[in-house]
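What follows draws every value from the coordinates through simple rules; no lab data is involved. Note that the structure is predicted; figures quoted are calculated from it, not measured. For neighbour counting, all protein chains shown are included, and Cβ atoms are generated from backbone atoms with ideal geometry for every residue, glycine included.
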Amino acid sequence: MTDAAVFLILLVLSAGVFIVPARMKYVYTLSVFLASLVITSQWAITAFQYQNPIIISHSSFLKIHLPVMIIDRLSAFFILIINFTMLTGLVYAGGYLKPYQKSKTPVQFSLHFFAYLWLCFSMVMVTLMQSAFNFLVVWELMTVSSFILVMFDAESRPVLKAGINYLVQMHIGFILLLVGFLIAESVTGSLSFSGLEAYFSQKPNLPLFLVFFIGFGIKAGFIPLHTWLPLAHPAAPSHVSGVMSGVMIKMGIYGILRILGFVQDDLLTIGVIILIVSVLSGLYGVMMAIVQHDLKRLLAYHSIENIGIIGIGIGLGVIGLATVNPVLTVLGFTGGILHVLNHSLFKSLLFYNAGSVYSATHTRNLEKLGGLIKTMPYSAFLFLIGALAICGLPPFNGFVSEYLIYLGMFKEISDVGLYEAILLLLSIVGLTIIGGLAIFCFTKAFGIVYLGQSRSEKTEHAVESPKIMIIPQMAIVAVILLIGLGSFMFIGPVAEISLNLFKLDPGSFNVQTFAGDISRLSIIGGIFIVLTIGIFLIRRYVLSKRTIEKGPTWGCGYTAGNERQQYTATSFADNYSELAKPVIGGRKEMEDIGENDYFPKTRKFETSNNDGIQTKYIDRPISKMVGWLKKLAIMQTGQIQHYILYAFVFMLVIFILTWFNII
Amino acid sequence: MILGTILIILSAVFFPGIILRAKSIASGRKGPGVLQPMKDILVLLRKGSVFSHTTSYIFQWAPTVSLAAMITSMLVLPFGKYDAFLSFEADFVFFSYMLAFGKFFTIIGALDTGSSFEGMGANREALYSMLVEPAFFILMGTFAMFTGYTSFSDIFANFFITNNHLMIIFGLISLYLLIQIMMIENSRLPVDDPKTHLELTMVHEVMILDNCGFDKALIHMGTYLKFATYGSLIFASVVPAGWSLSWQIGLFLVMQFLLATTIGLLESFRARNKMLKNAQFILTLSAIALVGFVIVLIITHKLMN
């Protein structure tokens, strides 16, 4: 294994991005990143070959005391995901940032690249650090570097607001993590992950776990802690959104998994809590996603949905642990952890793609897009694959992880007691509805953005993105297909992560026989592809002998139709939003047509959807609190006499209280 | 093995014709022959095509993909005591998701035309197929809970040999649900009427307004296969897998015939729902499926033991 000191040198070298000339900055960043990628991937691959965690060695020639870094299979898995997504993101940024070269200064670029490198470093280190202090430091570095990345366009007010919102919410999470570690330290005297293990073996597990769950849950985006996501993701540049949604929010999942590895008691309650929160997150995420007009906001809500799916897997795994049910444990965790990988792939793909659309049209508003498949055929194809994968449709990768979760639930529903059976059935229903709504949402997104006719002049000058933006997306599609069609190769190693993390007997669950059955998924996926291509070839052969004409779209006799008559994003979601109104809210504003309005005139019609959790549980209490605080401001008179009076009253009160022995 | 698939295809040839015959007899018309739908397909296969300027390759691929998805999902269905062509655990999840794949393409194919009519059909289809999914999954979850198995082949092979005669109650509920799901998935009454003449009230038909010739033929084939596939599912949930092969084949064909006649008769005497009532109607199926779940909880003594 490479020495940890080499990694340290890279950390120092990253500052060099401020010094190198402007046109070299990107290349410099890429080379530092690649060096880090090689080192950390090598660590990860080595760690995968061992059962036990290994300490990353470091020589003493630097005479610096390096923190202890330990890598196990869970860390290794996350490091590989981080490296791949950060790589595609950085390559994509090479094209995406080009138009900004005129408007941004070299210093801004340096800061951006520096923060990008540090986001990567800090995420890798989050998975390696053992002592709580070091962990919290790198966790904070991760937050700060991602904050800087989000603020790339800080001249615009919404971006600034989203960035600050993100920073504040992350620190609430940070404080909870800190509190969690301190509680453990006050009992065990050790401020580290091993201290947690000792704490959990002595004290009730549930309260401390909940502290950590909320702390990590804010990063991951479980409801009702998700409100930063739909703001921060659209605000950030697209490669940053892809990376943040693809891997950074997964650090929350990493934290939850890590803590779960130590929890020893209250497992059933914990599992049920995770499961319920996850099902609700999944449902709420996708329900809100459908009514969004902003393409990136829509994708951000889908991140919440997918975090929910990951959580369903984890929750099932924990319930399996609690009921000593190895099949449910392994299937749940394997499905959840595999979905972490899968989501990092298709979500980064979709965000990059949304960035390509934005670069080409300068809008993210679905109502202004349409017909882009003709000018951007490659991007359209890539979005389609991403959409199919995120809907969990076979033979793509999203199906594999959802299938494992379904399998765990269906297999166990006959063996468990009454309450578990009901819980499992409701989770099945939840996951099914999530799947159906995802299809609704992505047929809408793909159909409105890429198909039909253009809805505004914005798309007139759209051109296909440069190769440097297309190639990373193609690489992701290749991996999506590899996992989708070759799932049997991936399930074994991923299953071993959870066996390893929860110290289960590898013999209790035979991964091999299970992977043998799973290979049928690949076979039938292959059959489907062959059938599709076969039918299409026959069709092409037959059609080549027939007369093919071009004509207008069927208009029911009305031939002067124009693009304004197409279905829009709002109208496509209309029947759904009527149905889902109790959950998603939503307003429609229009003037009614009066009795005597015989002639058409200009009218306004407006629809809007606010995140109910944001407005009801965050905005409203805050504005109330601000109101109270404003009332207190009466005391702020600005006259020095008053302030002296306050000090005097304060001292008097203290004096009296002490006199009566109250304090 | 392959026998089930052949039987499904065979019954798919006659299924739509029998529906048509039943309808015409019920309404006192002379009506077309049983093989008329097949003749229509042959005519369509020979026709040329007109494609809209607005459409792209998605529109060209959509009917193909839907048909391929239909055929692929057919492969996991068992026949009698013979396992499916490919059977694996939780294959009904695959079955349902594969069908959804086909629907995904039908929907984006409709949106590809940029027509207001087809967008209307697309969003209705997307909503209804999303709403009907939970009923199917609750049903399969109950089957899995009852039998302890998770693949179509194993579930139906073991459904009738549990020595629990009360399961006939659940069998009847699943029969009712599968018939209703079949009607909705195939866009028939009371949710949708293939014989409507007004675009504004159509669901499925309005999505394929722009398809013609070869593509239209592919779409029809997919629909007929879907009928027969659900027919086969219904057959499996009613007829014990242990019976002898000749009985099975005979009963299968009789069953498909009865189903088609029932659909024809139902469509002759039943009015269609108001569009706004559809969501409610479809969700009721999930409620009935939940009732089935509770019944199984009771007869397996999980509840009230």
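Return the long-range amide H neighbours of A:GLY585 (sequence gap of 5 or more, or a different chain), with a cut-off of under 5 Å between placed amide H atoms.
none
Quick one: check the C-alpha center-to-center distance for the range B:273-305 versus the range A:74-101, whole angstrom.
The range B:273-305 and the range A:74-101 have Cα centres separated by 47 Å.
Given the Cα-Cα distance of B:LYS47 and B:LEU200 and 0.36 nm per residue of separation, how much length would full extension add, in nm?
Gain on stretching B:LYS47 to B:LEU200: 52.3 nm.
Charges on Cβ only, +1 for Lys and Arg, -1 for Asp and Glu, centred on the Cα centroid of the protein assembly as shown; of A:LEU66, A:TYR358, A:TYR254, which one is farthest towards the dipole's positive end?
Highest projection toward the positive end goes to A:TYR358.
Assuming a ≥ b ≥ c are the square roots of the Cα gyration tensor eigenvalues, decide whether the range B:262-303 counts as rounded (a/c under 1.5), prolate (otherwise, with a/b larger than b/c) or oblate.
oblate
Which ³J(HN,Hα) values, rounded to whole Hz and listed in residue order, are derived for the range B:98-115 from phi using the Karplus coefficients 6.51, -1.76 and 1.60 in 6.51 cos²θ - 1.76 cosθ + 1.60 with θ = phi - 60°, glycine and proline given as x?
5, 4, 5, 4, x, 5, 3, 6, 4, 5, 5, x, 5, 5, 5, 7, x, 9
Where in chain A are the DSSP H helices whose C-alpha atoms run 30 Å or more along the long axis and whose mean Kyte hydropathy is at least 0.0?
A:25-48, A:73-96, A:157-188, A:267-290, A:295-322, A:326-361, A:418-450, A:511-543
Any idea which of A:SER245, A:VAL649, A:PHE381 is furthest toward the positive side of the dipole for the protein assembly as shown, if Lys and Arg beta-carbons carry +1 and Asp and Glu beta-carbons -1?
Farthest towards the positive pole: A:PHE381.
Multiplying the sequence separation of A:GLU589 and A:SER544 by 0.36 nm and subtracting their Cα-Cα distance, what value in nm do you get?
Answer, rounded to one decimal: 11.1 nm.
For chain A, how big is the tail of P(r) above 38 Å, as a whole percent of Cα pairs?
Across chain A, Cα pairs with separations above 38 Å total 39 percent.
Where does helix B:2-26 land angle-wise versus the long Cα axis of chain B, in degrees 0 to 90, nearest 10?
Here the helix axis deviates by roughly 70 degrees.
Ignoring everything except DSSP H segments at least 4 long, calculate the 222 nm mean residue ellipticity for chain A; use -39,500 (n - 2.57) per segment, divide by total residues, nearest 500.
Calculated from helices alone, the mean residue ellipticity at 222 nm is -23000 deg cm²/dmol.
Can you compute the charge dipole magnitude of the range A:20-109 about its Cα centre, using +1 on each Lys and Arg Cβ and -1 on each Asp and Glu Cβ, nothing else charged? Give it in debye, rounded to the nearest 20.
Computed charge dipole of the range A:20-109: roughly 480 debye.
Normalised by the empirical 2.2 N^0.38 Å for globular proteins, what value does the Cα Rg of chain B take?
Working it through for chain B, the quotient is 1.00.
What residues have an amide H closer than 5 Å to that of B:ALA241, excluding those fewer than 5 places away on the same chain, when H is modeled at 1.01 Å from N in the peptide plane?
Distant-sequence amide H within range of B:ALA241: B:PHE160.
Mind checking the dipole of chain A: about its Cα centre, +1 per Lys or Arg Cβ, -1 per Asp or Glu Cβ, Debye to the nearest 20?
1640
Want the number for A:GLU563 to A:ALA22: 0.36 nm per residue separation, take away the alpha-carbon distance, what's left?
Taking A:GLU563 through A:ALA22 to full extension adds about 190.3 nm, to one decimal.
Using a simple spin-label model with points 7 Å from Cα along the Cα→Cβ vector, what separation in nm is obtained for A:THR615 and A:VAL6?
Each label point lies 7 Å from its Cα, and together they span 5.6 nm.
Just to confirm my numbers, what's the Cα centroid distance between the range A:281-345 and the range A:424-469 in Å?
About 19 Å separates the Cα centre of the range A:281-345 from the one of the range A:424-469.
Under a 5 Å amide H to amide H cut-off, with H placed in plane at 1.01 Å, what residues pair with B:PHE51 once short-range neighbours are removed?
Residues meeting the amide H criterion: A:GLU549, A:LYS550, A:GLY551.
Using the Karplus curve 6.51 cos²θ - 1.76 cosθ + 1.60 with θ = phi - 60°, what ³J(HN,Hα) values do you get for each residue of the range B:200-215, in whole Hz, with x for Gly and Pro?
These are the phi-based 3J(HN,Hα) values: 5, 9, 8, 10, 6, 4, 6, 6, 10, 4, 8, 7, 8, x, 4, 4 Hz.
Suppose we look only past 26 Å in the calculated P(r) of the range B:160-282. What percent of the Cα-Cα pairs does that tail hold?
Cα-Cα pairs in the range B:160-282 separated by more than 26 Å: 32 percent.
Checking the a/c ratio against 1.5 first, then a/b against b/c, what shape does the Cα gyration tensor give for the range A:97-172?
In terms of gyration-tensor shape, oblate.
Residues of the range A:138-173 with backbone nitrogen within less than 18 Å of a virtual label 7 Å along the Cα-to-Cβ line of A:LEU182, please, listed as ranges.
Answer for the range A:138-173: A:138-140, A:170-173.
Once the dipole of the range B:2-299 is set up with Lys and Arg at +1 and Asp and Glu at -1 on Cβ about the Cα centre, which of B:ILE263, B:ALA241, B:VAL296 lies farthest towards its positive end?
Positive-end residue among those listed: B:ILE263.
Based on the alpha-carbon set only, what is the convex hull volume of the range A:612-659 divided per residue, in Å³?
Once divided by residue count, the hull of the range A:612-659 is 86 Å³.
Which whole-Hz couplings ³J(HN,Hα) result when phi for each residue of the range B:140-157 is put into the Karplus expression 6.51 cos²θ - 1.76 cosθ + 1.60, θ = phi - 60°, listed in order with x for Gly and Pro?
So the J values, rounded to whole Hz, are 5, x, 5, 4, 5, 5, 6, 8, x, 10, 10, 10, 3, 4, 5, 4, 6, 5.
Starting from the Cα of A:ASN52, step 7 Å along the direction of its Cβ; do the same at A:THR363; then give the gap between the two resulting points in nm.
So the label points at A:ASN52 and A:THR363 sit 6.2 nm apart.
How far is it, in nm, from the label point at A:GLU464 to the one at A:LYS98 when both lie 7 Å from their Cα along the line to the Cβ?
It is 1.4 nm.
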